[in-house]
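A short write-up of the structure that comes next.
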Amino acid sequence: MMNLFLQASTALQLLYCAGWVHRDISSGNLLWFDSGDGNLQLVLGDLEYAKRFRAGIGSPGPKTGTSYFMPYEVPPIFVRYSFQHDLESLWWVQLWCVIERINEMSLQYVNKIFQTTYRPSTDRRDAFLAPGVLATNLKTSFPPI
């Protein structure tokens with residue numbers, strides 16, 4: 001699975017080099033298929049919210065898209081969207097893929113940080129900004145080995 005996220009990162013880098021930001025990275029916009037040789041290939045889809053930008057300036061405009069995976073600083077305020085925001089969204093997708101399917105305790109944590117609101121919860125803020133909070137919550141969510 002991590003190879004698919006590496007491919008997604010490469011696709012975002014190419015988009016960035018072409019002068020664009022995606023602005024709606026989500027689990028539904030990362031499409032993969034079997035290439036026929038047993039390897040999975042990723043296709044970055046849904047460029048509906050993609051915008052041109054200039055390096056160092058970002059892309060102006062309000063953000064709409066998938067709230068689960070939206071960068072932390074974007075929803076409540078007007079910010080200039082940048083490549084780093086796309087990478088953060090990819091990070092949220094990775095986190096969701098890892099913890100959403102572990103067990104009931106991890107599902108409870110998922111429901112606290114992945115919500116269908118554009119204003120991030122305190123738990124989401126802490127998972128992203130407070131040192132050690134995410135690691136502590138993940139340790140309690142994973143079953144013992």
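Entry remark, the range 110-119: residues being surrounded by 13 or more Cβ atoms within 10 Å (Cβ to Cβ) and touching a Pro at 6+ places or on another chain (Cβ under 6 Å) number 1 in total.
Tell me which residues, restricted to the range 96-109, are in contact with a Pro (Cβ under 8 Å, 6 or more places away or on another chain) and of a type outside the set (A, V, I, L, M). Even if it seems obvious, please write down each step before you answer.
In the first step, residues of the range 96-109 are kept if they are in contact with a Pro (Cβ under 8 Å, 6 or more places away or on another chain); the result is 102-103.
Scanning the range 96-109 gives a single hit, 103.
Residue-by-condition table, conditions (1) closer than 19 Å to residue 23 by Cβ; (2) at pLDDT below 85; (3) of a type in the set (A, V, I, L, M, F, W, C):
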residue: 70; (1), (2), (3): yes, yes, yes
residue: 76; (1), (2), (3): yes, yes, no
residue: 90; (1), (2), (3): yes, no, yes
residue: 112; (1), (2), (3): no, no, no
residue: 131; (1), (2), (3): no, no, no
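One residue stands out among those in the range 4-38 that are in a strand (DSSP E or B) and more than 22 Å from residue 96 (Cα to Cα): the one that is nearest to the chain's Cα centre (by Cα), which is 20.
In the set 58, 65, only one residue is more than 17 Å from the chain's Cα centre (by Cα), buried (at least 16 other Cβ atoms within 10 Å of the Cβ) and modelled with pLDDT under 85; that residue is 58.
Taking residue 18, is it out of contact with any Phe, Trp or Tyr (no Cβ under 6 Å at 6 or more places or on another chain) and either modelled with pLDDT under 90 or surrounded by 15 or more Cβ atoms within 10 Å (Cβ to Cβ) (or both)?
On the way: out of contact with any Phe, Trp or Tyr (no Cβ under 6 Å at 6 or more places or on another chain): yes; either modelled with pLDDT under 90 or surrounded by 15 or more Cβ atoms within 10 Å (Cβ to Cβ) (or both): no.
In short, no.
Within the range 122-145, the set of residues being of a type outside the set (Ser, Thr, Tyr) and either out of contact with any helix residue (DSSP H, G or I) (no Cβ under 8 Å at 6 or more places or on another chain) or part of a loop (DSSP other than H, G, I, E, B) (or both) comprises 125, 129, 130, 131, 132, 135, 139, 142, 143, 144, 145. Restricting attention to the range 78-121, the residues that are part of a loop (DSSP other than H, G, I, E, B) and of a type outside the set (Phe, Trp, Tyr) total 13. Screening the candidates 94, 41 for the property of being more than 21 Å from residue 19 (Cα to Cα), exposed (fewer than 15 other Cβ atoms within 10 Å of the Cβ) and at pLDDT 90 or above yields one hit, 41.
The values are calculated or read from the model by the stated rules, or taken from the named source; none is laboratory data. The shown structure was predicted, so the numbers you read here are calculated from the model rather than taken from an experiment. For neighbour counting, all protein chains shown are included, and Cβ atoms are generated from backbone atoms with ideal geometry for every residue, glycine included.
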